[in-house]
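Peer 1: If you scroll down you'll find the structure; I have some questions about it.
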Amino acid sequence: MSFELRKYYPPDFTEEKFVNAPNAAVEPAPFDAVAPLRFHAMSIYPEYFKIDGKWLFAEESRMDCVPVLKDGRIEVTEPRRLKKGDLVICGRTENCEEGIYLYPDGFREGSAHHDTFAFRQGRSRETAFSRDYDEIYELLRYEKEHGYVVWVMGPAFAFDSDARNAFSRLIAGGYVNAVLAGNALATHDLEGAYLHTALGQNIYTQESQPLGHYNHLDTINRVRYDGGIRQFIEKEHIDNGIIYNCEKYHVPYVLAGSIRDDGPLPPVYGNVYEAQDAMRAQVRKATTVICMATMLHTIATGNMTPSYRVLPDGTVRQVYFYCVDISEFTVNKLTDRGSLAAHGIVTNVQDFIVNISKGLGL
């Protein structure tokens, strides 16, 4: 089976609604970090803006950000980054009425005939996901050569030896370009490599160890004592795990902090906006995003991931987005962003990653 990206079909700007549309309104930002009234907020879909009679494409978009006209191009930025005088596009309608066009159907996914009433249209624990797995195998093989795959991970992987090993094989196999996570994933993964436990439980037998509740704190303290994760790996002779393999294969990882963090580990971002910037730096390169067992990181990443990416040669390609979680609520929360952008899989993520590794022959 050969994987092929869906072709992008741009709008037909010869249609009457485009020809007769007015130019989009542009107003200067009144102050730093303040948008004009009726500013336009971006979505996950491709959007076009009519400027001086010409429709301009926002090549790099992010949900809830604002379009700024600069040097004849549309730049999309967070409102907190606006500078006084920046030319912000304004308007709240999105079908050419105000020179703004939101375009959700460019990849023409195609939909078979659906009856008005039909069973099993959502995604739940009763859904069969075999076709999704087959698609992911082919997608990852394609992306290994042509794309940038960002994995968003909760700490559940660190609690199981097989899951840690499976994801480590994915890293070594070249299927991981970046990891977004929190302090817990890295802490318990390093604890697993250092003391063979996660939160004091053996990562293979899940049996609690004597005074095991100290183990993650001892791990954090030792990382700090050694001077950082890289030094910890070298000095403590760490030779396994997710973070170890990220370091070994030079895969960037962003650890975004939380109020509830222990420690935290030295690379964890304590400033939420610095963490957001670091996450965005990886997401803006992503062509596939796979989020697993972390509702808050998943929602955050979902909000900053558009449904498309413009490649260096000008090709517009789809961004694939998967949400994998044992909780139907989390999966459906992201799927509600639109079927084009998010595919949900309800399953135990430890089983999921082991199946992915096996399906790729690792």
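Peer 1: Work the Kirkwood hydrodynamic radius out for the chain: mean of 1/r over every pair of different alpha-carbon atoms, inverted, in Å.
Peer 2: Taking every pair of different Cα atoms in the chain, averaging 1/r and inverting gives 22.2 Å.
Peer 1: Heavy-atom accessible area of Ile238 with all protein chains present, probe 1.4 Å, nearest 10 Å²?
Peer 2: Accessible area, nearest 10 Å²: 10 Å².
Peer 1: Would you list Leu199, Leu82, Leu37, Leu5 from the most to the least accessible area, probe 1.4 Å?
Peer 2: Leu37, Leu199, Leu5, Leu82
Peer 1: If you don't mind, there's one more thing I want to ask. With viscosity set to 1.567 mPa s at 4 °C, what whole-number translational diffusion coefficient in µm²/s follows for region 131-207 from Stokes-Einstein and a Kirkwood radius over Cα pairs?
Peer 2: Result for D is 97 µm²/s.
Peer 1: Ok, one more. Which order do Leu102, Leu195 take by accessible area at a 1.4 Å probe, largest first?
Peer 2: Result, largest first: Leu195, Leu102.
Peer 1: Ok, one more. Return the whole-Å distance between the Cα centroid of region 308-322 and the Cα centroid of region 135-162.
Peer 2: When both Cα centres are located, 18 Å separates them.
Peer 1: When all protein chains stay in place, what accessible area (Å², nearest 10, 1.4 Å probe) is found for Asp64?
Peer 2: Probe radius 1.4 Å; accessible area of Asp64 about 100 Å².
Peer 1: Looking at region 32-65, which trypsin sites (Lys or Arg not before Pro) are in a loop (DSSP not H, G, I, E or B) and have at most 13 other Cβ atoms within 10 Å?
Peer 2: Sparse-neighbourhood loop trypsin sites (Lys or Arg not before Pro): Arg38.
Peer 1: For region 219-229, in order, what is each residue's ³J(HN,Hα) by Karplus, 6.51 cos²θ - 1.76 cosθ + 1.60 with θ = phi - 60°, in whole Hz (x at glycine and Pro)?
Peer 2: Karplus values, whole Hz, x for Gly and Pro: 5, 4, 4, 5, 4, 5, 4, 6, x, x, 5.
Peer 1: Quick one: which residues, 5 or more positions from Tyr320 or on another chain, have an amide H under 5 Å from its amide H? H modelled 1.01 Å from N in the peptide plane, none for Pro or chain starts.
Peer 2: Thr288, Val289
Peer 1: Hey, another quick one. Using only the alpha carbons, work out the radius of gyration and Dmax of region 251-305 in angstrom.
Peer 2: Final numbers for Rg and Dmax: 11.3, 33 Å.
Peer 1: Still on this structure, please answer the following. So what is the calculated 222 nm ellipticity per residue for the chain, using -39500 (n - 2.57) for each DSSP H run with n of 4 or more, over all residues, to the nearest 500 deg cm²/dmol? List each step's numbers first, then the result.
Peer 2: Working: 11 runs with 112 residues, N = 362.
Mean residue ellipticity, 222 nm, calculated: -9000 deg cm²/dmol.
Peer 1: What's the lysine pair count for the chain at a Cα cut-off below 26 Å, pairs eight or more apart or interchain?
Peer 2: Value for the chain: 25.
Peer 1: Something else about it: So what are the ³J(HN,Hα) numbers for region 206-214, from phi and the Karplus equation (6.51, -1.76, 1.60; θ = phi - 60°), rounded to whole Hz, Gly and Pro as x?
Peer 2: 6, 7, 5, 9, x, 6, x, 5, 8
The values are calculated or read from the model by the stated rules, or taken from the named source; none is laboratory data. What you are looking at is a predicted structure, and each value in this text was computed from that prediction instead of being measured. In this analysis, Cβ positions are derived from the backbone assuming ideal geometry, glycine residues included, and neighbour counts consider all displayed protein chains. Heads up: the accessible areas ignore ligands, DNA and RNA and are worked out on the full protein's heavy atoms, side chains in. Shrake-Rupley method; radii C 1.70, N 1.55, O 1.52, S 1.80 Å.
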